[in-house]
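Worksheet: one structure, shown below.
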Amino acid sequence: MNSKKKTVFSGIQPSGVITLGNYLGAIKNWVKMQDDYNCIFFLANMHAITVRQDPKNLEENTLKAYALLLACGINSEKSLFFIQSLAGETHSQLAWILNCYTQFGELSRMTQFKDKSQQHPENINAGLFTYPCLMAADILLYQPDLIPTGKDQKQHVELTRNIAERFNGIYGETFKIPEPFILSEGASIRSLVDPSKKMSKSDKNENACITILDPKDTIIKKFKRAVTDSEAKVYLSDDKPGINNLMTIYSCFTGMGFAQIEKEFSDKGYGAFKLAVGETVADALQPIQDKYHKLLSDETFLKFLYTESSQKAKDISQFTLDEVKRKIGLCM
Ligand code: TYM
């Protein structure tokens, strides 16, 4: 690690599919940051079990997500890219400790907890509630400067800062206080069926969400069906959330500004615009899909990579955990 560079830390749950929202809100930015920062990324498979998972699927999905992130451009020579459960003892131990420095009221205010409790009323487990303490542990163990995520994770990063400041206030400087790092563009990709909601892998309507591995014809079909409005004119406006979302997606892939997009489609209807967005997205995802299938055919190599990197993560995180345990008087 280069000590002059700032450290970036972030992660993603490997449950189910990886969406266009995950890609534009997080992964694409992580890939870009790799040259300028010390980057640490991970698959949050321990977080995934707050929702009931089929064990075989979770294990398979974790391997697939590892391959997919590499295919998206996470470079294991530039970044440390590990799996949470393989570095797990440090994460779960610090999570328990931070539980004891986090207030019930703080956790009750977390929007993700409220949303997921509504989605799974049959399984509002304690892990779902204390999830942000595990997330705070993930982050604080690695003493990072910046946490690049989509908008929906900002509240959790802010809570992490509060917990770290509280701990430092009691025991002296222990944790670096990390900053959320949220790019305005792509930070909140919306559902294609109901743009008032974020695009989410847990959406029951499969037309709501593009996944990185969707075939070209599926991507085009989903964009064709995307909910917009009846005006049939492509421009950015607060009362056109569907069109704003499609313009954002198009802009993220083409690098075009919104004014330029408005000009390109000034004399074209929604049909032509949706087709252009669909084709652009599908063409951009194609090389990622090709690389993913190639990587997935060599499981031994993938396992070698993540075992090695997770051991490194464990060693780095042990350092912070030991300091915390010493400070609070836990026998070691
Ligand atoms: P997860 O797995 O829900 O999402 C991974 C990343 O994708 C972003 N994202 C989106 N961005 C834009 N538009 C969307 N529709 C969209 N949907 C998801 C998320 O903001 C996130 O950056 N709790 C985290 C995982 C985690 C973590 C951490 C992240 C666990 N520990 C420590 C950072 C640091 C989560 O569930 O992300």
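Quick look at the numbers
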| item | result |
| --- | --- |
| Asn57, sole failed condition from (1) away from the ligand (no atom under 14 Å from the Cβ); (2) closer than 23 Å to Glu179 by Cβ; (3) polar (S, T, N, Q) | (2) |
| Flag for Val234 being crowded, with 16+ Cβ neighbours inside 10 Å and more than 27 Å from the chain's Cα centre (by Cα) | yes |
| Selection from the range 177-188 of residues that are open to solvent by 50 Å² or more (accessible area, probe 1.4 Å) and of a type in the set (Gly, Ala, Ser) | Ser184 |
| Selected residue [out of contact with any Phe, Trp or Tyr (no Cβ under 8 Å at 6 or more places or on another chain), modelled with pLDDT of 95 or more and among the hydrophobic types (A, V, I, L, M, F, W, C)] from Leu86, Leu80, Leu141 | Leu141 |
| Verdict on Tyr270 being surrounded by 14 or more Cβ atoms within 10 Å (Cβ to Cβ), aromatic (Phe, Trp, Tyr), at pLDDT 95 or above and not assigned by TED's automatic domain parsing to the domain that holds Val234 | no |
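Residues are listed down the side, and each one gets a yes or a no for (1) open to solvent by 20 Å² or more (accessible area, probe 1.4 Å); (2) in contact with a Phe, Trp or Tyr (Cβ under 7 Å, 6 or more places away or on another chain); (3) under 20 Å from Tyr37 (Cβ atoms); (4) more than 13 Å from the ligand (Cβ to nearest atom):
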residue	(1), (2), (3), (4)
Asp115	yes, no, no, no
Asn123	yes, no, no, yes
Thr130	yes, no, no, no
Cys133	no, no, no, no
Pro148	no, yes, yes, no
Val157	no, no, yes, no
Glu165	yes, no, no, yes
Phe175	no, yes, yes, yes
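The values are calculated or read from the model by the stated rules, or taken from the named source; none is laboratory data. Nothing here was measured: the structure is a model prediction, and the numbers come from that model. In this analysis, Cβ positions are derived from the backbone assuming ideal geometry, glycine residues included, and neighbour counts consider all displayed protein chains. Accessible surface areas use protein heavy atoms only, side chains included; no ligands, DNA or RNA. Shrake-Rupley method; radii C 1.70, N 1.55, O 1.52, S 1.80 Å.
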